[in-house]
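The values are calculated or read from the model by the stated rules, or taken from the named source; none is laboratory data. If you're wondering where the values come from, they're calculated on a predicted model, not measured in any experiment. FYI the Cβ positions are ideal-geometry reconstructions off the backbone, even for glycines, and counts take in every protein chain you see. These area figures cover heavy atoms from the full protein model, side chains too; ligands, DNA and RNA do not enter into them. Shrake-Rupley method; radii C 1.70, N 1.55, O 1.52, S 1.80 Å.
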Amino acid sequence: MPEGADFISTINAISEDFRVPNTVKANVNYNKFIGDRFRVGANALFSYTYNNYVYLERNLVDEPFFRLENEGNRGVFVPAGTISDRGQTNWLFSRASENVGRVLELNSVASAYQYAFILDGSVRIGKDGYFTASYTFNQAFDNSSYNCCVANTSTFLPVVDDSRALNWGYSDNQFRDKVVLNGASPTWKGFVFGASLIGIGGSRYSFMTSNGSLQGDFPLNNALAFVFDPNDPATPDAIRAGYEAILNDPNTAESAKRYLRESFGSVARRNGGENPFFFTVDLRLLKTIKTFGKQRFEVSADVFNFMNLLNKDWGVNNDLGRTRNLQSIRGFDQATRTYQYNVESGVGVLPINGTPWRMQLGLRYAF
């Protein structure tokens, strides 16, 4: 430690009433066989998890020092006088006790539930060919998607102000729709052609305020953005113009525009943005060459993400990720106790993610 620097301890503790997480599951399914070639099925699933684990900050003052009246009255946990003119806060002023730094307590107050409906079917083609199809409608909600390692990461969940007040919303693991198509041709002169399509949509993301701790506690950039109402005369012109630029940008995703409009005049809902549907197609060609008895050579060729081979704009993933920074803090007005913001340009522009097309050749000898 450098000479003259203050020593600040961090304590990891376990709550006296900590419980092991429990999950209750239910499943009902039905299958109908039609002759010896067709099958259709339906499946309903439900799960509920309680006593789920999460770390809470226990060395945070009980109540905010003041509230942002122009942002839905949300709290700030440091005195207004300690915030710099650039809007920077110092989490040390948010401590309930100055004798220690952070106190992260493991609790079992988180919970989650999920339900899904699945329709599927299959058909046998010829002697050994087949085609299967399934559609899944899924919904997953929780008040903490923390499911990892370091205690500190548990406190980075998107919040309105108090990280101890767990925020219900769509889970970080949410998806809404999933389609899977898979098939293979009957064997013809040792050749088998196969294809699969996997599509998924409806994952979620949040609008955030970036570049600091708006509420004054330790985690940075975990405050959900307050979306000002453009129709409110009190909304600064620069913010109004920033929102209009996002809404008028043809490259902005429709889901981001919808999320922005739904949030006018309020703090954005956690995971209130919904990503679009995307899919990939994989192809396979297999040739079997018999040698001795039941022994054989198998020569295969696979093309993964075939649509991307045809067109670089196809077969891509346009997910906006789990968070998008709608605004950044540029200042703080001590007289009015309000933050000033810059609206981030391109917040809703769809990125190009995913794996480009790949080709794979294989050779196997079976005996």
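Computed quantities for the displayed model
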| quantity | calculated |
| --- | --- |
| Length-normalised contact order of region 199-280 in % [C-alpha pairs under 8 Å, at least 6 apart] | 47 |
| Order of exposure, largest accessible area first, which applies to 262, 98, 71 with probe 1.4 Å | 98, 262, 71 |
| Spatially proximal lysines relative to residue 287 (Cα-Cα < 20 Å; intrachain offsets below 8 disregarded) | 127, 189 |
| Ratio Rg/Rh [Cα only; Rh per Kirkwood] for region 1-160 | 1.24 |
| Of 251, 99, 182, the one that fluctuates the most in a GNM where the chain has Cα springs shorter than 10 Å | 99 |
| Selected from 226, 141, 264 as most flexible by GNM, with the chain as the system and alpha-carbon contacts under 10 Å | 264 |
| Solvent-accessible ranking of 246, 11, largest area first, probe 1.4 Å | 11, 246 |
| Under 13 Å from the Cα of residue 178 - aspartates and glutamates, other chains or at least 8 residues apart | 120 |
| Fluctuation leader among 310, 106, 247 - the chain, Gaussian network, Cα springs under 10 angstrom | 310 |
| Dimensionless Rg over Rh [region 320-367; C-alpha; Kirkwood] | 1.52 |
| Geometric extent, Cα atoms of region 43-98 - Rg, Dmax (angstrom) | 17.6, 58 |
| Cleavage-rule hits (trypsin sites (Lys or Arg not before Pro)) in region 186-256: DSSP loop, at most 11 neighbouring Cβ within 10 angstrom | 189 |
| Antiparallel DSSP beta bridges within the chain, percent to nearest 5 | 90 |
| Mean separation of Cα contacts under 8 Å, 6 or more apart, over the residue count of the chain: relative contact order % | 15 |
| Charge tally in the Cβ shell below 9 Å around residue 38, where Lys, Arg are +1 and Asp, Glu are -1, residue 38 excluded | +3 |
| From the coordinates shown, Rg/Rh (Cα atoms, Kirkwood Rh) corresponds to which of (i) 1.09; (ii) 0.95; (iii) 1.04 | (i) |
| Area of residue 200 that stays accessible when all protein chains are in place (1.4 Å probe, Å², to 10) | 50 |
| With DNA, RNA and ligands ignored, accessible area of residue 357 (1.4 Å probe; Å², nearest 10) | 110 |
| Gain upon complete extension [residue 285, residue 364; 0.36 nm per residue less C-alpha separation] | 27.1 nm |
| Carbon plus sulfur fraction of accessible area for the chain, probe 1.4 Å, in percent | 56 |
| Selection of trypsin sites (Lys or Arg not before Pro), region 309-357, meeting DSSP coil and at most 12 other Cβ within 10 Å | 312 |
| Between 0 and 90°, nearest 10: helix 237-248 axis offset from the chain longest Cα axis | 10 |
| Summed side-chain charge close to residue 367 - residues other than residue 367 whose Cβ falls under 14 Å, Lys, Arg +1, Asp, Glu -1 | +3 |
